[in-house]
Amino acid sequence: EVQFWGHGSPGAAYIGRDALTATALATRSWQRVVDAGVFAEGAHFWLRTCSSFDQDAGRMFAMTLANTLGVRAIGHTVTIHAVQPGMVSVRPRERAEWADGSGSTKHFLAMSPD
């Protein structure tokens, strides 16, 4: 499982001044990660960032992340603060069909991404 803690907005997770987006995942750098087969079967890529999977841009980003890396993509649709609400996920070849601002409101320590 990869967990990235940082800042986000619908359709993006920010790494310093750079943004991980659906477009960025199409670059050769990310293709090298895929080609290297670094993710095991059943792996998760969890973006613990605010709102990265919210709105149409976020749903597209979630599906692209899952399909490109071949992992379960987990992220949030709202400002996450201490209790990490708004958790949603999508697996490769699934459609992200959650509503804007939706997702689990349980405390993240009580949740399993399964």
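Inclusion of His76 among residues that are open to solvent by less than 20 Å² (accessible area, probe 1.4 Å) and touching a Phe, Trp or Tyr at 6+ places or on another chain (Cβ under 7 Å) is warranted.
Just to be sure before I move on: is Ser29 polar (S, T, N, Q) and either assigned to a helix (DSSP H, G or I) or within 14 Å of the chain's Cα centre (by Cα) (or both) in the structure I sent?
Yes; evaluated as a whole, the condition is true for this residue.
Take the residues in region 34-66 that are among the β-branched types (Val, Ile, Thr) and either out of contact with any helix residue (DSSP H, G or I) (no Cβ under 7 Å at 6 or more places or on another chain) or open to solvent by less than 20 Å² (accessible area, probe 1.4 Å) (or both); name whichever of them is farthest from Ala96 (Cα to Cα). For region 34-66, the residue satisfying everything is Val38. Could you figure out which of (1) on the phi > 0 side of the Ramachandran plot; (2) within 13 Å of the chain's Cα centre (by Cα) isn't true of Gly37? For Gly37, the exception is condition (2). Inside region 79-95, residues that are within 19 Å of Phe39 (Cβ to Cβ) and either surrounded by fewer than 21 Cβ atoms within 10 Å (Cβ to Cβ) or at pLDDT below 90 (or both) make up a count of 4. Enumerate the pairs (first residue in region 21-43 and under 15 Å from Met63 (Cβ atoms); second residue anywhere and assigned to a loop (DSSP other than H, G, I, E, B) and modelled with pLDDT of 90 or more) with beta-carbon separation below 7 Å, excluding pairs fewer than 6 apart on the same chain, so at least 6 apart or on different chains. As it stands, the answer is Thr21/Gly11; Ala22/Gly11, since those pairs meet every condition given.
The values are calculated or read from the model by the stated rules, or taken from the named source; none is laboratory data. All values derive from a computational prediction rather than experimental measurement. In this analysis, Cβ positions are derived from the backbone assuming ideal geometry, glycine residues included, and neighbour counts consider all displayed protein chains. In case anyone asks, the SASA skips ligands and DNA or RNA and just uses the protein heavy atoms, side chains included. Shrake-Rupley method; radii C 1.70, N 1.55, O 1.52, S 1.80 Å.
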